[in-house]
Amino acid sequence: MHFNQLLRERYSIREYKSQKVSKALLMEVLEAGRLAPSAANKQPWKFIVVSEEDNLNKLKSAYNREWFKKVPQIIVVCGDHSESWKRSFDSKDHCDIDIAIAVDHMTIRASELGLGTCWVCHFDPDLVKELMQLPDGIEPIALLPIGYPLENKPPYKIRKNLDEIVFEERFGNPLKK
Ligand SMILES: Cc1cc2nc3c(=O)[nH]c(=O)nc-3n(C[C@H](O)[C@H](O)[C@H](O)COP(=O)(O)O)c2cc1C
């Protein structure tokens, strides 16, 4: 599929078939994450694939939503703050930015492979840390359910118009067409 079409067609999937994704396909998605750019090429990401029922059920309790109880697999995307680049001027930690790019790569590659994903950040971080046995400095940043979509594509994307978000020369100055 053409990249532009992929961008238009990817959307968050919250209903999945129970079938799990093969290791080979999962590896394709993880590889897309691995290839992401990162500040100073620090690659401060770690991906934990959770597929076993017992572990999945425990992890699902970190995000208490009906749809999430039925997801067949979850990738826990973590950021390593001891590795991520910090800007010298103000020490801004770029970990979240790097992780977001890696997750975006994975969601788009998954979509290309006919798989569905949905970013989840509204989870209990302490519970995820405990369940995943994360060492200090490693933060769970996103839970990424992955599987075969059950739902139909929404008719259109809800997005702001370009003229609301793009300016020319300075903030607030509309871009002339
Ligand atoms: C950083 C981030 C965090 C998100 N967290 C959640 C979440 O906790 N639960 C959820 O259902 N969706 C979550 N989403 C999905 C957004 O709601 C969704 O991407 C947005 O509404 C646009 O819809 P689309 O992905 O279908 O284009 C998150 C998305 C992003 C990028």
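Yes/no matrix, rows are residues, columns are (1) among the basic types (Lys, Arg); (2) open to solvent by 80 Å² or more (accessible area, probe 1.4 Å); (3) part of a loop (DSSP other than H, G, I, E, B):
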| site | (1), (2), (3) |
| --- | --- |
| Ile13 | no, no, yes |
| Ala24 | no, no, no |
| Gln43 | no, no, yes |
| Lys46 | yes, yes, no |
| Ala62 | no, no, yes |
| Arg65 | yes, yes, yes |
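Name every residue in the range 69-105 that is closer than 15 Å to Val50 by Cβ and of a type outside the set (Lys, Arg), in order of residue number. First the steps, then the outcome.
Start the filter on the range 69-105 by keeping residues that are closer than 15 Å to Val50 by Cβ, which leaves 69-78.
Within the range 69-105, Val71, Pro72, Gln73, Ile74, Ile75, Val76, Val77, Cys78 qualify.
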Worksheet item: How many residues are open to solvent by less than 70 Å² (accessible area, probe 1.4 Å) and touching a strand residue (DSSP E or B) at 6+ places or on another chain (Cβ under 6 Å) if we restrict to the range 149-167?
Response: 1
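Out of the range 77-97, which residues are among the β-branched types (Val, Ile, Thr) and open to solvent by 60 Å² or more (accessible area, probe 1.4 Å)? Spell out how you get there, then give the answer.
Here is the first cut: in the range 77-97, the ones among the β-branched types (Val, Ile, Thr) are 77, 97.
Scanning the range 77-97 gives a single hit, Ile97.
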Fill in: Number of positions in the range 114-128 that are more than 12 Å from the ligand (Cβ to nearest atom) and either surrounded by 15 or more Cβ atoms within 10 Å (Cβ to Cβ) or free of Cβ contacts under 8 Å to residues at least 12 places away in the same chain (or both)
4
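Is it fair to say Ser18 is surrounded by 13 or more Cβ atoms within 10 Å (Cβ to Cβ), more than 15 Å from the ligand (Cβ to nearest atom), part of a loop (DSSP other than H, G, I, E, B) and in contact (Cβ under 8 Å) with a residue 12 or more places away in the chain?
Values: surrounded by 13 or more Cβ atoms within 10 Å (Cβ to Cβ): no; more than 15 Å from the ligand (Cβ to nearest atom): yes; part of a loop (DSSP other than H, G, I, E, B): yes; in contact (Cβ under 8 Å) with a residue 12 or more places away in the chain: yes.
No, not satisfied.
The values are calculated or read from the model by the stated rules, or taken from the named source; none is laboratory data. These numbers come from a predicted model, not from an experiment. Counting neighbours? That spans all protein chains shown, and the Cβs are built from the backbone with ideal geometry, glycine included. Side chains are part of the model used for accessible areas, which takes the heavy atoms of the whole protein and leaves out ligands, DNA and RNA. Shrake-Rupley method; radii C 1.70, N 1.55, O 1.52, S 1.80 Å.
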